[in-house]
Amino acid sequence: MSGLPPERRAARGGGPSFGEEDRRLSYGSYLKIAELLQLQQPLTDAHDELLFITIHQAYELWFKLVLFELESAREAMQAGDCPTSQWRLKRVTVIESLLIHQVDVLDTMAPQDFLQFRHRLAPASGFQSVQFREIEFLSGLKDPAYLRRLETDSGERARLERRLAEPSLADAFAALLEASGSSIESLFNDPGRRDLFQLSESLLEHDQAFSLWRARHVQMVERQIGSKTGTGGSTGSSYLRSRLDKRFFPELWAARSSL
Ligand code: HEM
């Protein structure tokens, strides 16, 4: 039986114990469920707006974890610890696979149903997702132009400035190669440094997953709004298509051509 004092044990009548008698912590209080469920506040009565809010919030939660794991992968690289870095990246790519498939849920929304609340969204857009941009910067795809779109004194801008200044995963991997007397060219055929090659493959998988998400997102966008401009003010799908070839580790892709 639990560590309850005898008088409380007697009061409970001796049934199976699941810990409810100790009210200090519960599922709801630990996970802040009440607070979490307060955060979905549609602007209209449109049926599909709750889905739209929920899916974006779910993405942001996963982005938070992805950033946490990528930072840890970078730290392990900086410490010369390839296996730990690779282990962190494994979780990242499994989450990213989930993020790609999560788009399927949005495909259950009909374009005419989206139009019932779309007019209320502008100028808000996924384009303003700071965590998404942080993932890009932290991975190696740094574009200071995105900073100009954020207010100077906002915390979001400060976060992106920090990401711009700090070493990316691409920088950390390049430094690791240099410190081990290796290079992208020798990486693929060095039996003594299999760990470096395997880490480079994990980085590539992260890059590939992001690229697949971009492709899946633009396809969903075209299914919803065709060639209309975005609520964020861009040209919409043609802007998104212009970003499909972006890569975090272009050298790792290019190296394939000269093997
Ligand atoms: C009906 C659903 C959606 C539509 C119609 C849509 C549409 C668009 C459009 C048109 C853009 C280009 C920027 C603009 O002018 O607004 C964009 C960018 C973006 N969207 Fe979505 N989106 C949808 C759902 C999502 C979801 C669920 C996410 C998840 C976080 C997301 C994340 C992003 C991101 C990160 C960008 C910036 C991409 C980049 O700059 O490369 N979008 N979206």
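The values are calculated or read from the model by the stated rules, or taken from the named source; none is laboratory data. The shown structure was predicted, so the numbers you read here are calculated from the model rather than taken from an experiment. FYI the Cβ positions are ideal-geometry reconstructions off the backbone, even for glycines, and counts take in every protein chain you see. Each accessible area value is taken on the protein alone, full model and side chains, heavy atoms only, with ligands, DNA and RNA left out. Shrake-Rupley method; radii C 1.70, N 1.55, O 1.52, S 1.80 Å.
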Report the extension gain between Ile184 and Arg24 in nm, rounded to one decimal, defined as 0.36 nm multiplied by the number of residues separating them, less their alpha carbon distance.
52.2 nm
Per-pair calculated FRET efficiency, R0 = 45 Å: Ser242 and Asp81 via Cβ, rounded to 0.05
0.75
Return one whole number: the accessible area per residue of segment 51-258 in Å², for a 1.4 Å probe.
51 Å²
Using protein chains only and a probe of 1.4 angstrom, how many square angstrom of Leu31 are accessible, to the nearest 10?
80 Å²
Local electrostatic count at Gly126 - Lys and Arg +1, Asp and Glu -1, tallied over other residues with Cβ under 11 Å:
0
Just to be sure I understand the model, the point goes 7 Å from the Cα along the line to the Cβ. What's the resulting Arg149 to Glu60 distance in nm?
1.6 nm
Rg in Å to one decimal, and Dmax rounded to a whole Å, for segment 51-258 via C-alpha atoms:
18.4, 60
Three-way shape call for segment 85-137 based on the alpha-carbon gyration tensor, with the a/c threshold at 1.5:
oblate
The FRET efficiency for Ala175 and Ser234, from their Cβ-Cβ distance with R0 = 35 Å and rounded to 0.05, is 0.50
So for R0 = 22 Å, FRET eff. of Ile33-Glu71 from the Cβ-Cβ r, to 0.05, ends up at 0.20
Neighbourhood charge, 12 Å Cβ-Cβ cut-off, centred on Ser183 and excluding it, Lys, Arg +1 and Asp, Glu -1
-3
For Lys142, which lysines qualify as cross-link partners when the Cα separation must be under 30 Å and same-chain residues fewer than eight apart are set aside?
Lys64, Lys90, Lys228, Lys246
